1. Where in the stretch 377-479 are there strands (runs of 3 or more DSSP E), lying fully within it, with 3 or more residues that are touching a strand residue (DSSP E or B) at 6+ places or on another chain (Cβ under 8 Å), loosely packed, with under 15 Cβ neighbours inside 10 Å and touching a residue at least 24 places away in the same chain (Cβ under 8 Å)?
2. Kindly indicate which of 522, 541, 469 is in the same structural domain as residue 384 (by TED's automatic domain parsing) and either modelled with pLDDT of 95 or more or more than 30 Å from residue 397 (Cα to Cα) (or both).
3. Taking the condition of being free of Cβ contacts under 8 Å to residues at least 60 places away in the same chain and either surrounded by 20 or more Cβ atoms within 10 Å (Cβ to Cβ) or in a strand (DSSP E or B) (or both), how many residues in the stretch 490-511 meet it?
4. Out of 227, 201, I need the residue that is out of contact with any helix residue (DSSP H, G or I) (no Cβ under 9 Å at 6 or more places or on another chain), free of Cβ contacts under 8 Å to residues at least 60 places away in the same chain and either closer than 18 Å to residue 322 by Cα or outside the structural domain of residue 341 (by TED's automatic domain parsing) (or both). Which one?
5. Could you tell me whether residue 267 is touching a helix residue (DSSP H, G or I) at 6+ places or on another chain (Cβ under 9 Å) and touching a residue at least 24 places away in the same chain (Cβ under 8 Å)?
6. Return a yes/no flag: does the stretch 254-265 have any residue that is over 24 Å from residue 41 (Cα atoms), surrounded by 21 or more Cβ atoms within 10 Å (Cβ to Cβ) and in the same structural domain as residue 282 (by TED's automatic domain parsing).
7. Give the residue that is nearest to residue 321 (Cα to Cα), with candidates limited to residues of the stretch 211-223 that are over 26 Å from the mean Cα position of the chain (by Cα) and not in a loop (DSSP other than H, G, I, E, B).
8. With respect to the numbered conditions (1) under 25 Å from the mean Cα position of the chain (by Cα); (2) surrounded by 16 or more Cβ atoms within 10 Å (Cβ to Cβ); (3) under 23 Å from residue 50 (Cβ atoms), which one is the sole condition not fulfilled by residue 181?
């Protein structure tokens, strides 16, 4: 069997061991007992988790400290994503530390950010600073922890990146001394994947996914179903890690698969590139994730998967070609060396391998692919697929008359794209004068509710960039402006703040601006809330009487609302 080329050779691992004592020594970003709610490389929707999440005792406003000397290289403020985030370059180590979901910055940083927000007349800013403009010393307080942005609860998101590449690396290799963990990973399931036209499992060409049950003592039991296979197959595992005293589940750092005591596959997530993070969708069983919100991790490497943290023989595919028992074993190991071993077997039994179904619209992983119908088009640029597949398309009339096109089923199973493809849907009735109000919506699989995706009018239809297949789409319109609701305006001057509830039913808020007597004022907001807040700033407004407040909001297709209030 031919061994595939990969970076994590035995020599590389030995070098890592030798160099481990030379790793940069960082301080701790929090001065409370350190517990994790998420670890590095954890599986998320369309991406690997790029850092570790520290619990902050279920509250915000815990002091956050710089882990080493350096200078601030970037500050970002946004309603989503990391919310408030600080990036500190550490030239001595060639690395950058990142602190996300902060509630607030220290005064020097906050003053700098506010100046730039007013200069740009924008709440959201992404600021790149000159080297050493704001120097930072190890242990200096830089912020207070929070729950801003796309955060599900109070915590500190912390990263270490290689400064030159901006690749995230596992921070636990620098601060693991502060974390206690003696818990082994928990195996939950095994999956078997016959290669289409080349393999078969229990007489079927479809994947077989099996739950692993536990004994009363909590130990994994043998597979509840006998697996008989012939030809080329792949195997996958569902598993999570655990940590002492924590109810959370975490990602498994090291996965190794053995067949007859020979290691045929391993993955070790220590570092990756942000440009490759969507390849998680090839690392996992994407169809099962989309259908069941379940994370099976494949122990074979599809041809379009370029992730660098694999070792394999024959890309992890197993050729069952003898009528005998194939002994298999998974080893699952966490950062601290806690290891779970699970043994299982596959019976090699000759079976007729089903032929691959006839395919009218074959799409090759390496090439540009295009599908054209009279009312629908799809173009997928080259190097956007992880494997070959057979594309399907169907359309039905809109019985509800809610849409301006047919409803299009874009492939019958979920298929991820690494970047984006272009989809065009024809309008059945092109009567809207303001054609920028047209947009494509995606219909929910279970309740048929639609969500606005957007797009651009052209050639009697709407074109949209999409990054996965397997859903239903149609054309809708958005002609309703955002809704502005003032919250207790009679108390604004007394309380020293203005609060607005701002919402939009379709394309979402794309722009907002508040002014007092014509002067821009800074409203803050968070993606988890519809409330926008301005705190009176007398240093900027001056002491003159405040009279006129105005707030303008615009949605994604240009519908605009203005609210005006006279402050007495």
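The values are calculated or read from the model by the stated rules, or taken from the named source; none is laboratory data. All values derive from a computational prediction rather than experimental measurement. Here Cβ is always computed from backbone atoms with ideal geometry, including for glycine, and neighbour counts include all displayed protein chains.
1. In the stretch 377-479, 407-426 are the strands (runs of 3 or more DSSP E) which contain 3 or more residues that are touching a strand residue (DSSP E or B) at 6+ places or on another chain (Cβ under 8 Å), loosely packed, with under 15 Cβ neighbours inside 10 Å and touching a residue at least 24 places away in the same chain (Cβ under 8 Å).
2. Of 522, 541, 469, the one residue that is in the same structural domain as residue 384 (by TED's automatic domain parsing) and either modelled with pLDDT of 95 or more or more than 30 Å from residue 397 (Cα to Cα) (or both) is 469.
3. Residues in the stretch 490-511 being free of Cβ contacts under 8 Å to residues at least 60 places away in the same chain and either surrounded by 20 or more Cβ atoms within 10 Å (Cβ to Cβ) or in a strand (DSSP E or B) (or both): 10 in total.
4. 201
5. yes
6. There is no residue in the stretch 254-265 that is over 24 Å from residue 41 (Cα atoms), surrounded by 21 or more Cβ atoms within 10 Å (Cβ to Cβ) and in the same structural domain as residue 282 (by TED's automatic domain parsing).
7. The extreme case among them is 220.
8. Among (1) under 25 Å from the mean Cα position of the chain (by Cα); (2) surrounded by 16 or more Cβ atoms within 10 Å (Cβ to Cβ); (3) under 23 Å from residue 50 (Cβ atoms), residue 181 violates only (1).
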